[in-house]
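The values are calculated or read from the model by the stated rules, or taken from the named source; none is laboratory data. Computed from a prediction, not measured in an experiment: that's the story for all the values here. Counting neighbours? That spans all protein chains shown, and the Cβs are built from the backbone with ideal geometry, glycine included.
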């Protein structure tokens, strides 16, 4: 005979057990947080200073090189821009009837926890993508670097035979290195599932040149690093875009409330499960980001 009296206090309903499921699900779901340094905060409004990226110069008549003996040194002053961002709250909840928990054909509570967590994590990832790519609203980047495919010398779109994917990635790396003066040894390229497929096909089609890379795609479906970058496939990436970043340098995620959950049990009626996270994204180093546009010629 089923023991229905355990519903309100059994171990699988305790908050710490739900939290453990939330954390486990989130670890596999987050894609864009690895691009950010994670810093806790207790402020709703968070300000930071974005430093000018131009190499300091002393002017044409006051060269840094060749100061005469006993002469005054030329002067140069760095500049900073104050930027303020506000905390965003991401959350979702579900109310599960008591009977569904004790008699459902599937583990409705576990599936609900997983899907709530995935949705909140996706919302956070979407926000990080919007800030880093500057595609929210106008879709025109203002401070990060960008270039478009299918124009000039950049080669065709990634789903065309004229694609020059390695050269495109190396151009992004060059922009980060040259204009931002950053180390480019561990760059990440965020791509949509469609572009990940296009990259895999392009590498496989070049198999006569890169037989070992093509073989790895056939065996495990994974694209090994190209141009010294690792690839992250995410549904948060807007179609026909790719984003190359210097991780942990390009941005900071200010965390007011880490991902967490709570449960409220109404005995013999229902259980409410709520998942929440609060934070904001600071694009601290925009020249450590390159947006590649027009990666797809066809939908």
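Results, tabulated for the structure shown:
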| quantity | calculated |
| --- | --- |
| Count - residues of region 85-112 that are over 23 Å from residue 34 (Cβ atoms) and crowded, with 19+ Cβ neighbours inside 10 Å | 3 |
| Test set (1) surrounded by 10 or more Cβ atoms within 10 Å (Cβ to Cβ); (2) under 17 Å from residue 282 (Cβ atoms); (3) in contact with a strand residue (DSSP E or B) (Cβ under 6 Å, 6 or more places away or on another chain) - residue 82 fails condition number | (1) |
| Counted residues, region 241-257 - those being surrounded by 21 or more Cβ atoms within 10 Å (Cβ to Cβ) and assigned to a loop (DSSP other than H, G, I, E, B) | 2 |
| Enumeration of residues in region 19-33 that are in contact (Cβ under 8 Å) with a residue 24 or more places away in the chain and either under 20 Å from residue 82 (Cα atoms) or out of contact with any helix residue (DSSP H, G or I) (no Cβ under 6 Å at 6 or more places or on another chain) (or both) | 19, 23, 33 |
| Test result for residue 60, at pLDDT below 90 and surrounded by 11 or more Cβ atoms within 10 Å (Cβ to Cβ) | no |
| Answer residue from region 131-176, given it is free of Cβ contacts under 8 Å to residues at least 40 places away in the same chain and within 19 Å of the chain's Cα centre (by Cα) and is nearest to residue 87 (Cα to Cα) among those | 136 |
| Listing of helices (runs of 4 or more DSSP H) fully contained in region 93-194 that carry 2 or more residues being in contact with a strand residue (DSSP E or B) (Cβ under 6 Å, 6 or more places away or on another chain) and modelled with pLDDT of 90 or more | 108-133, 165-180 |
| Candidate set from region 271-283 (those that are farther than 15 Å from residue 33 by Cβ and surrounded by fewer than 22 Cβ atoms within 10 Å (Cβ to Cβ)); member that is modelled with the highest pLDDT | 276 |
| Residue selected from region 34-53 under the condition in contact with a helix residue (DSSP H, G or I) (Cβ under 9 Å, 6 or more places away or on another chain) and not in a strand (DSSP E or B), by the criterion modelled with the lowest pLDDT | 53 |
| So residue 257, is it in contact with a helix residue (DSSP H, G or I) (Cβ under 9 Å, 6 or more places away or on another chain), under 26 Å from residue 134 (Cβ atoms) and modelled with pLDDT of 95 or more | no |
